[in-house]
Amino acid sequence: MNNLDHEDPVRGDMGDGVRQATPPSGTVAGARSRRDKTTDLETAIDEYVADGASVAFGGMGGRDPEAAAREIVRQEKTGLTVLDDARTTLFDIMVGAGCVDRYTGSWVGTSLISQGFNVRRAVEEAVPHHLEMRDLSNFGSSLLFLAGAMDVPFVPTRSMVGTDIPKHNPDVEVVEDPLGSGDDLALVPAAQPDVAIIHVQRADPLGNAQIWGNVVNDHLKARAADHVVITCEEVVPTETIRRHPEATRIPCYAVDAVVEVPFGSHPWHCYGYYYADLPFYREYGLKSQEREGFLEWADEWILPHDEYLAKLGADRLATLEEMEGELNDVPPVVGRGEGERGAAE
């Protein structure tokens, strides 16, 4: 965070190197446990993503909360620290828009299509301003959130020992095993972001969030963060959640806000709901090669989410749903009237 009076979101210290204990942000009997948390996307981002906040995003090349990131750009948030694992287009878009000052994680880009050109410009040319990067291994970035979720200062690992990562990332410290093996271990500090924004397939109004497909580190991010915003394809009755408790990866007592955002991961896929829109993010990769091209793209596509979907068109979205339907499915929704999407027969 930019304000020196704030706690470092990775190291958890107040400037003197001594970590301050952070109590768990949600408990079974806490204020977040049983209330209707549904809201709209604009309100959730305005309330939980302050200028200078540290943010973690869920998903990874699928279930990415792209709509939430576009809303962050639309609200012109600044000074953000992104604490993450591998991050794709949403991060590149936010960097290009000047929202992010610092990144701690393992990888950025636009995956199958291209590099993260906005990230490269920010690091190499300070356009639109300098982006500080603190690298970790893929496994190391997962351990950030494992430590944060357990509320311990760090987790030791052999990952990154013998590499240049600890030389360039001051948050990672290499020490000799204190139990006497003689081996060196890398200490990965806890990440406890101000907010985690996680897109899921379904959630009930209380915030019980269900994920099908790759969970990545989302269950850890939700437990590590001070606040959690869940965006979902559908808000469903609690009865539906109870039918498949094994899919509830994030419990209601870890959640502050629930927002129904259909196609909230577009152009990435959402398991069981829609396929990746490869032509769309190929076009993004091509346009973002140059600064002016990115700005033209942003002028066209950084819209309120309902306008964004209308611009994409119902036919295009239906095609993505049909393509995904050939590959993956999720259980039907129960407890709603006939004629609604996924209603039980």
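The values are calculated or read from the model by the stated rules, or taken from the named source; none is laboratory data. These figures come from a predicted structure and were not determined experimentally. Here the Cβ positions follow ideal geometry from the backbone for every residue, glycine too, while neighbour counts run over all protein chains shown. For accessibility, only protein heavy atoms count, side chains too; no ligands or nucleic acids. Shrake-Rupley method; radii C 1.70, N 1.55, O 1.52, S 1.80 Å.
A few remarks follow.
- Residues within the range 69-90 that are under 14 Å from ILE302 (Cα atoms), of a type in the set (A, V, I, L, M, F, W, C) and open to solvent by less than 10 Å² (accessible area, probe 1.4 Å), tallied: 3
- Reported count of residues in the range 173-195, each being open to solvent by 10 Å² or more (accessible area, probe 1.4 Å) and of a type in the set (A, V, I, L, M), is 5.
- Candidates TYR271, TYR308, filtered to the one that is open to solvent by 30 Å² or more (accessible area, probe 1.4 Å) and at pLDDT 95 or above: TYR271
- Boolean, ILE198 is in contact with a Lys or Arg (Cβ under 9 Å, 6 or more places away or on another chain), buried (at least 20 other Cβ atoms within 10 Å of the Cβ) and either more than 19 Å from SER106 (Cβ to Cβ) or among the acidic types (Asp, Glu) (or both): no
So that you can scan it fast, the table gives a plain yes or no per residue for (1) open to solvent by 10 Å² or more (accessible area, probe 1.4 Å); (2) part of a loop (DSSP other than H, G, I, E, B); (3) under 19 Å from ASP36 (Cβ atoms); (4) in contact with a Cys (Cβ under 8 Å, 6 or more places away or on another chain):
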position	(1), (2), (3), (4)
THR231	no, no, yes, no
GLU234	yes, no, yes, no
VAL258	no, no, yes, yes
SER265	no, yes, no, no
PHE280	yes, no, no, no
GLU292	yes, no, no, no
LEU295	yes, no, no, no
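- So TYR253, is it buried (at least 18 other Cβ atoms within 10 Å of the Cβ) and closer than 22 Å to LYS221 by Cα: yes
- Among the residues of the range 102-116, those identified as within 20 Å of PRO279 (Cβ to Cβ) and open to solvent by 40 Å² or more (accessible area, probe 1.4 Å) are SER111, LEU112, ILE113, GLN115.
- Given (1) touching a strand residue (DSSP E or B) at 6+ places or on another chain (Cβ under 6 Å); (2) charged (D, E, K, R); (3) without any contact (Cβ under 8 Å) to a residue 24 or more places away in the chain, index of the condition GLU260 fails: (3)
- Test: residue in the range 40-50 that is open to solvent by 50 Å² or more (accessible area, probe 1.4 Å), outside any helix (DSSP H, G or I) and in contact (Cβ under 8 Å) with a residue 40 or more places away in the chain: yes
- When each of ASP85, ASP64 is tested for being within 22 Å of TYR271 (Cβ to Cβ), among the acidic types (Asp, Glu) and modelled with pLDDT under 95, the lone residue that passes is ASP85.
- A count restricted to the range 53-96 and to residues that are under 21 Å from VAL127 (Cβ atoms) and either in a loop (DSSP other than H, G, I, E, B) or aromatic (Phe, Trp, Tyr) (or both) stands at 6.
- For ARG242, the conditions (1) farther than 20 Å from MET60 by Cβ; (2) among the basic types (Lys, Arg); (3) open to solvent by less than 20 Å² (accessible area, probe 1.4 Å) are fulfilled apart from (3).
- Some residue of the range 171-180 being within 26 Å of HIS219 (Cβ to Cβ) and among the small types (Gly, Ala, Ser): no
- Selected residue (criterion: farthest from the chain's Cα centre (by Cα)) from residues of the range 131-149 that are open to solvent by 70 Å² or more (accessible area, probe 1.4 Å) and touching a residue at least 24 places away in the same chain (Cβ under 8 Å): ASP135
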